[in-house]
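J.: Submitted below is the structure of interest, expressed as structure tokens.
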Amino acid sequence: MDLLEKLVERGFTLRSFPAYERHLGVEKYGCVALLEPTPDGGWRRFSSAGYLLEGQIALLVERGGEKFFVHKSKQLAAEGQPLENFERFLKELETLLSQQGVQQDAQQKPLDKRP
């Protein structure tokens with residue numbers, strides 16, 4: 001079973017976002033991440049995951065020692081149920097991505113330390 005089938009089987013919804021036509025959105029618990037295909041036929045996260053705020057991807061940021069989900073001028077305090085849902089979403093998604101042998105985030109790739 002490929003990753004997309006596993007995602008749907010585990011309750012994720014596959015969707016598109018007009019601003020990210022070349023990427024696949026996966027949504028669950030009001031949270032979303034964009035995936036991109038890998039050269040080996042798998043999938044990896046394209047960017048940071050976020051919380052859906054009025055249909056847009058609001059990213060988690062820290063301001064003045066407090067966490068918020070922010071998209072342009074809109075923000076939602078990242079606490080309570082929204083934050084719990086976000087953390088659960090990330091854990092479930094990362095588990096499925098790692099099961100296919102793909103790194104969850106391109107930024108986590110090890111540095112090339114060749115001379």
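J.: Sort out which residues of segment 1-53 are within 19 Å of Arg88 (Cβ to Cβ), among the basic types (Lys, Arg) and either outside any strand (DSSP E or B) or in contact (Cβ under 8 Å) with a residue 40 or more places away in the chain (or both), and write them in order of number.
T.: Answer for segment 1-53, where residues must be within 19 Å of Arg88 (Cβ to Cβ), among the basic types (Lys, Arg) and either outside any strand (DSSP E or B) or in contact (Cβ under 8 Å) with a residue 40 or more places away in the chain (or both): Lys6, Arg10, Lys28, Arg45.
J.: Does Leu97 satisfy being at pLDDT 95 or above and surrounded by 13 or more Cβ atoms within 10 Å (Cβ to Cβ)?
T.: Taking the combined requirement at face value, the residue does not satisfy it.
J.: For segment 39-83: of the residues being more than 16 Å from the chain's Cα centre (by Cα) and polar (S, T, N, Q), which is farthest from Thr13 (Cα to Cα)?
T.: Ser73
J.: Continuing with the same structure: Sort through Glu9, Glu5 and tell me the only one that's modelled with pLDDT of 95 or more, acidic (Asp, Glu) and farther than 25 Å from Ser73 by Cα.
T.: On the way: Glu5 fails: modelled with pLDDT of 95 or more.
Matching residue, one of Glu9, Glu5: Glu9.
J.: Under the condition of being among the acidic types (Asp, Glu) and surrounded by 11 or more Cβ atoms within 10 Å (Cβ to Cβ), which residue from segment 48-91 is farthest from Gly30 (Cα to Cα)?
T.: Among them, the one singled out is Glu79.
J.: Which of the residues spanning segment 2-21 are of a type outside the set (A, V, I, L, M) and over 21 Å from Ile57 (Cα atoms)?
T.: Start the filter on segment 2-21 by keeping residues that are of a type outside the set (A, V, I, L, M), which leaves 2, 5-6, 9-13, 15-18, 20-21.
Across segment 2-21, the qualifying residues are Asp2, Glu5, Lys6, Glu9, Arg10.
The values are calculated or read from the model by the stated rules, or taken from the named source; none is laboratory data. Given the structure is predicted, the values throughout are model-derived calculations rather than measurements. In this analysis, Cβ positions are derived from the backbone assuming ideal geometry, glycine residues included, and neighbour counts consider all displayed protein chains.
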